[in-house]
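J.: First the structure, then my questions, so here it is.
The values are calculated or read from the model by the stated rules, or taken from the named source; none is laboratory data. These figures come from a predicted structure and were not determined experimentally. All Cβ positions, glycine included, derive from the backbone under ideal geometry; neighbour counts span all protein chains shown. For the accessible areas, the whole protein counts, side chains as well, though only heavy atoms, and no ligand, DNA or RNA atoms are used. Shrake-Rupley method; radii C 1.70, N 1.55, O 1.52, S 1.80 Å.
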Amino acid sequence: MGKKVAIVLSGCGVYDGSEIHESSAVLVHLSREGAQGEFYAPDVEQMHVVDHVKGQPTQEKRNVLVESARIARGNIKDLAMLNVKELDALIMPGGFGVAKNLSTWATQGKNCTISKVVEETLKAFHAAKKPIGMCCISPVLAAKIFPGCELTVGQDRECEKWPYAKTAEAMKELGCKYVNKHVDEIHVDVKNKLVTTSAFMCNAPVHEVYDGIGKMIKEVLKLA
């Protein structure tokens, strides 16, 4: 039997939910490795809804679980129902939903709070010594929850290629060991069983993002 891996989503769409290409890449690479992905998302209202054409918030209201179901093709469960004992690993794609719906990082940075069910889920996998793979902005959750852990979100010097590099400084201030990596590379924190890669924190061709996520998935499954 292939490994069973939880994929935790935060909505549907880069500006207010899960990054769709990252989520798809996770599923493709899990499938390629013979693993089974199971989708979960918290049953909560989104912080806000963003018009992805204009890049501006709207007055609309949407639910994180309902929107995440679009990516999961309807096959998704409330995160509160997740049972760590039935799963081998956890993967968290990025997208601003991580910083808006799973935590308050978007408005409070390193002083953010994390959704109770999300924090409990991460701590449960960590306590069970089961690997956690995180890409794009999602490693900030680990920086907040697991002091001293080793992480990457890419490079820590801001430039056109790395527009979100200041995130690395906030993570360092939380006490994590930050490691610079290129988009097609990963970092493995062996002690904490955390595998991270930058994904769309980098302005890179989509195939390079897919390659980095593929390496993350392979390492997570190796650790599982």
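J.: Mind checking which residues of the stretch 187-205 are open to solvent by 60 Å² or more (accessible area, probe 1.4 Å) and either touching a Gly at 6+ places or on another chain (Cβ under 8 Å) or more than 21 Å from K166 (Cα to Cα) (or both)? So that I can check it myself, show each step before the final result.
T.: Taking the stretch 187-205 and keeping what is open to solvent by 60 Å² or more (accessible area, probe 1.4 Å), we get 190-191, 203, 205.
Hits for the stretch 187-205 are V190, K191, P205.
J.: Output the residues belonging to the stretch 123-138 that are in a helix (DSSP H, G or I) and under 27 Å from D184 (Cα atoms).
T.: Applying the first criterion (in a helix (DSSP H, G or I)) to the stretch 123-138 yields 123-127.
Within the stretch 123-138, F125, H126 qualify.
J.: Can you say whether T196 is under 18 Å from H29 (Cβ atoms), touching a residue at least 40 places away in the same chain (Cβ under 8 Å) and not in a loop (DSSP other than H, G, I, E, B), as far as the supplied structure shows? Walk me through how you get there before you give the answer.
T.: Working: under 18 Å from H29 (Cβ atoms): yes; touching a residue at least 40 places away in the same chain (Cβ under 8 Å): yes; not in a loop (DSSP other than H, G, I, E, B): yes.
Judged against the criteria, T196 is a match.
J.: Another question, if that's okay. Tell me, which residue of the stretch 142-154 that is part of a helix (DSSP H, G or I) and not charged (D, E, K, R) is farthest from S198 (Cα to Cα)? Break it down into steps so the answer makes sense when it comes.
T.: From the stretch 142-154, those part of a helix (DSSP H, G or I) are 142-145; that's our starting set.
Then keep just the ones that are not charged (D, E, K, R); that gives 142-143, 145.
Numbers: A142: 14, A143: 14, I145: 19 Å.
Applying the filter and picking the extreme gives I145.
J.: Considering only the stretch 102-138, state which residues are crowded, with 20+ Cβ neighbours inside 10 Å, free of Cβ contacts under 8 Å to residues at least 40 places away in the same chain and within 23 Å of I217 (Cβ to Cβ).
T.: L122
J.: Restricting the search to the stretch 99-122, which residues are farther than 18 Å from S18 by Cα and in a loop (DSSP other than H, G, I, E, B)? It would help to see each step written out before you state the result.
T.: At the first step, the residues of the stretch 99-122 found to be farther than 18 Å from S18 by Cα are 108-113, 116, 120.
The answer is C112, T113.
J.: Do you know which of the residues in the stretch 148-172 that are among the charged types (D, E, K, R) and in contact with a helix residue (DSSP H, G or I) (Cβ under 7 Å, 6 or more places away or on another chain) is nearest to C136 (Cα to Cα)? I'd like the intermediate steps shown before the answer.
T.: Let us first name the residues in the stretch 148-172 that are among the charged types (D, E, K, R), namely 150, 156-158, 160-161, 166, 169, 172.
Checking which are in contact with a helix residue (DSSP H, G or I) (Cβ under 7 Å, 6 or more places away or on another chain) leaves us with 156, 158.
On the way: D156: 13, E158: 15 Å.
Once the filter is applied, the top-ranked residue is D156.
J.: Being assigned to a loop (DSSP other than H, G, I, E, B) and free of Cβ contacts under 8 Å to residues at least 12 places away in the same chain is the filter; apply it to the stretch 40-60 and report the residue that is most open to solvent (accessible area, probe 1.4 Å).
T.: Of the stretch 40-60, the ones assigned to a loop (DSSP other than H, G, I, E, B) are 42-44, 46-48, 52-55, 59-60.
Pick out the ones that are also free of Cβ contacts under 8 Å to residues at least 12 places away in the same chain and you get 53-54, 59-60.
Working: V53: 138, K54: 151, Q59: 176, E60: 86 Å².
Taking the candidates together, the pick is Q59.
J.: In the stretch 13-39, which residues are without any contact (Cβ under 8 Å) to a residue 60 or more places away in the chain and either at positive phi or not in a helix (DSSP H, G or I) (or both)?
T.: G34, Q36, G37, E38, F39 - these are the residues of the stretch 13-39 that are without any contact (Cβ under 8 Å) to a residue 60 or more places away in the chain and either at positive phi or not in a helix (DSSP H, G or I) (or both).
J.: Consider the stretch 1-35. How many of its residues are surrounded by fewer than 23 Cβ atoms within 10 Å (Cβ to Cβ) and of a type in the set (D, E, K, R)?
T.: Residues flagged as surrounded by fewer than 23 Cβ atoms within 10 Å (Cβ to Cβ) and of a type in the set (D, E, K, R) within the stretch 1-35 amount to 4.
Let's see how each residue does on (1) on the phi > 0 side of the Ramachandran plot; (2) outside any loop (DSSP other than H, G, I, E, B); (3) crowded, with 22+ Cβ neighbours inside 10 Å; (4) among the aliphatic types (A, V, I, L, M):
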{"position": "V140", "(1), (2), (3), (4)": "no, yes, yes, yes"}
{"position": "E185", "(1), (2), (3), (4)": "no, no, no, no"}
{"position": "K215", "(1), (2), (3), (4)": "no, yes, no, no"}
{"position": "K218", "(1), (2), (3), (4)": "no, yes, no, no"}
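J.: Something else: Taking T167 as the residue in question, decide whether it is part of a strand (DSSP E or B) and in contact (Cβ under 8 Å) with a residue 12 or more places away in the chain. Give the derivation first.
T.: Numbers: part of a strand (DSSP E or B): no; in contact (Cβ under 8 Å) with a residue 12 or more places away in the chain: yes.
No; evaluated as a whole, the condition is false for this residue.
J.: Mind listing just one residue for me: the one in the stretch 61-98 that is touching a strand residue (DSSP E or B) at 6+ places or on another chain (Cβ under 7 Å), touching a residue at least 60 places away in the same chain (Cβ under 8 Å) and assigned to a loop (DSSP other than H, G, I, E, B) and, of those, surrounded by the most Cβ atoms within 10 Å (Cβ to Cβ)?
T.: Here the residue is P93.
J.: While we're looking at this one, here's another question. If we scan the stretch 155-162, do we find a residue that is in a loop (DSSP other than H, G, I, E, B) and over 15 Å from A204 (Cα atoms)?
T.: Yes, the stretch 155-162 contains a residue that is in a loop (DSSP other than H, G, I, E, B) and over 15 Å from A204 (Cα atoms).
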